[in-house]
Amino acid sequence: MGDKKEELKNQIETLKNIRTDLGLNRKQFSEYMDIPIRTLEEWEAGRRKMPDYVLRLILYYSKMEKILDDRGSVRREDIDGAE
């Protein structure tokens, strides 16, 4: 049982680190990742466990976003603003 609690704690810490590394508050991050704010709040508070694949997708997306931004390529904001 301790492993599950430790896994949840690590998941919460990773999610918060990604959000802060991007320089976003919860509301901005939820909009950025298209995650309902309430869901994000519950994940970060540990009231609800995020599916593992979601964390992997968020990690992947944030890393790819950084790579593209570093290269001066198209950013998501550029695409969203063009709609």
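Values in this text are rule-based calculations from the coordinates and carry no lab data. This structure is a prediction, so every number in the text was calculated from the model and none was measured.
The Kirkwood hydrodynamic radius of region 2-81, based on inverse pair distances between different Cα atoms, is 13.4 Å. With a cut-off of 8 Å between alpha carbons and a minimum separation of six or more residues, what is the relative contact order of region 2-81 in percent? Result for region 2-81 is 26 percent.
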